[in-house]
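What follows is a set of notes on a single structure, which appears directly below.
The values are calculated or read from the model by the stated rules, or taken from the named source; none is laboratory data. Predicted model only: the values in this text are computed from it and were never measured. Every residue, glycine as well, gets a Cβ built from its backbone with ideal geometry; the counts of neighbours run over all protein chains shown. Side chains are part of the model used for accessible areas, which takes the heavy atoms of the whole protein and leaves out ligands, DNA and RNA. Shrake-Rupley method; radii C 1.70, N 1.55, O 1.52, S 1.80 Å.
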Amino acid sequence: KRQVLILQGGPNDEYSGWRPFSFPKFQQCVLFFAEKLHGLKRQREDIHFPLLTNKLLWFADVNHVKRHETSITGLRYARIQNGPVPNDYVALCRQLHERRIVEYSNRQVLRPLARVDPTVLTVEELETLARTWTQFKGKLDVIVDEAHKEKAWRETPHARLISFKKVI
């Protein structure tokens, strides 16, 4: 089995939301949003899972930093044209795919193959995920625009890591 170096390590700092990267928490957050999005897929065919999941992860970590002064996942996010994305998100999704947690292909498909294990996340983290979903479930068409309104994204140069200091 091939091992992939995921560039999410480093100090617990403003780029990680003052938390070390946790692959298990990342996995549970992806599953949480992938399950929700998969439910909507039955109603709409135009849902782009990886794009929406990336934005929902960003907003969940931002919302958690604002309320609890730390992110959920410890992910480092980079600024790209479509808004914030987890740094090395393709490698991260491939790891989830290789572990049979999600089906991931062609950067278009992200389908849950496992169920969320709520014991991996704290009550506060689960509440943040639920609040984030409620905040955006009816606005998925504009989530990229909402991400572009964030000061942290606007003030970060292209392809650079985004500081969580800019969200508080």
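Some points to look at:
- Summing charges over neighbours of THR156, with a neighbour being any other residue whose Cβ is under 13 Å away from its Cβ, gives +4 when K and R count +1 and D and E count -1.
- Partner lysines whose Cα lies under 22 Å from the Cα of LYS25, excluding those fewer than 8 positions away in the same chain, are identified as LYS36, LYS55, LYS66, LYS137, LYS165.
- Surface accessible to a 1.4 Å probe, LYS149 within the full protein complex, Å²: 130
- Signed unit charges on C-beta, dipole axis of the range 49-168, positive-most listed residue HIS68, LEU96, PRO84: PRO84
- With every protein chain in place, the chain: carbon and sulfur % of accessible area (1.4 Å): 49
- Dipole in debye (nearest 20) - the chain, about Cα centre, beta carbon charges: Lys, Arg +1; Asp, Glu -1: 260
- Each other residue within a Cβ distance under 11 Å of TYR104 adds +1 if Lys or Arg and -1 if Asp or Glu, for a net charge of +3.
- Residues of the chain: accessible area per residue with a 1.4 Å probe, Å²: 51
- Here's the picture: a label point sits 7 Å out from the Cα of LYS137 along the beta-carbon direction, and within the range 60-89 the residues with their amide nitrogen under 19 Å of it are 60-61, 63-64.
- Separation in nanometres of the label points that stand 7 Å from Cα toward Cβ, at ALA91 and LYS166: 2.3
- Label-point separation in nm, GLU124 to ARG67, each point 7 Å along Cα→Cβ: 1.0
- With contacts taken as Cα pairs under 8 Å and at least 6 residues apart, the range 20-135 reaches a relative contact order of 35 percent.
- The alpha carbon gyration tensor of the range 56-168 gives principal lengths a ≥ b ≥ c with a/c of 1.5 or higher and a/b no greater than b/c, which makes the shape oblate.
- Loop-exposed GluC sites (Glu not before Pro) per DSSP, neighbour cap 15 Cβ within 10 angstrom, longest uninterrupted part of the chain: 70-154
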